[in-house]
Amino acid sequence: MINKIGIFLFLFTFFNTATFADAKTNIYSKLKCCLCKEKIVENCVCPKAKEMKAYIYSFLDMGLNEEGIFIKVAKKYSLDSIIDKKKKEEIKQKLIEEAGSNRPEIFIRPLSYNLGRVSKTKGELENLSPYKKL
């Protein structure tokens, strides 16, 4: 009976380690280094890549799933660090859902408007500016 338990624990540890390594490689291959921009995190050795690897490793060690890790990475390092376009869109949608309808949005209004050629003699002119002369 003790032998069976020992064999089970050994096999469980072995397969769990293999799965852990596969998950780590799979995640690293879909991320790029924030500092180097072009290099995949798995191949990069700069300090920022080491920090990202440690960050990811800590979540893998806690047992967080792949999607959860990508969400955490996107929050800390931005969505631009994800190379895989399908995964990036998927995570972007999850972040939007998480933020809800009250999420902050930035709207950029133009500083000027091109009205084309307008002649004073052909019609009425209106001031579109919200500012008034004093």
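Within the range 45-59, the set of residues being farther than 19 Å from residue 94 by Cβ and not polar (S, T, N, Q) comprises 45, 46, 47, 48, 49, 50, 51, 52, 53, 54, 57. Within the range 20-35, the set of residues being assigned to a loop (DSSP other than H, G, I, E, B) and either in contact with a Cys (Cβ under 9 Å, 6 or more places away or on another chain) or within 17 Å of residue 62 (Cβ to Cβ) (or both) comprises 33, 35. Set side by side, the residues 18, 74 differ, and just one is at pLDDT below 75, of a type in the set (Gly, Ala, Ser) and surrounded by 10 or more Cβ atoms within 10 Å (Cβ to Cβ), which is 18. If you check 61, 80 for being of a type in the set (Asp, Glu) and touching a strand residue (DSSP E or B) at 6+ places or on another chain (Cβ under 9 Å), only one passes: 80.
Do you know which of the residues in the range 75-108 that are among the β-branched types (Val, Ile, Thr) and over 24 Å from residue 51 (Cβ atoms) is farthest from the chain's Cα centre (by Cα)? Taking the candidates together, the pick is 108.
The values are calculated or read from the model by the stated rules, or taken from the named source; none is laboratory data. Here the structure is a predicted model, which means the values were calculated and not measured. In this analysis, Cβ positions are derived from the backbone assuming ideal geometry, glycine residues included, and neighbour counts consider all displayed protein chains.
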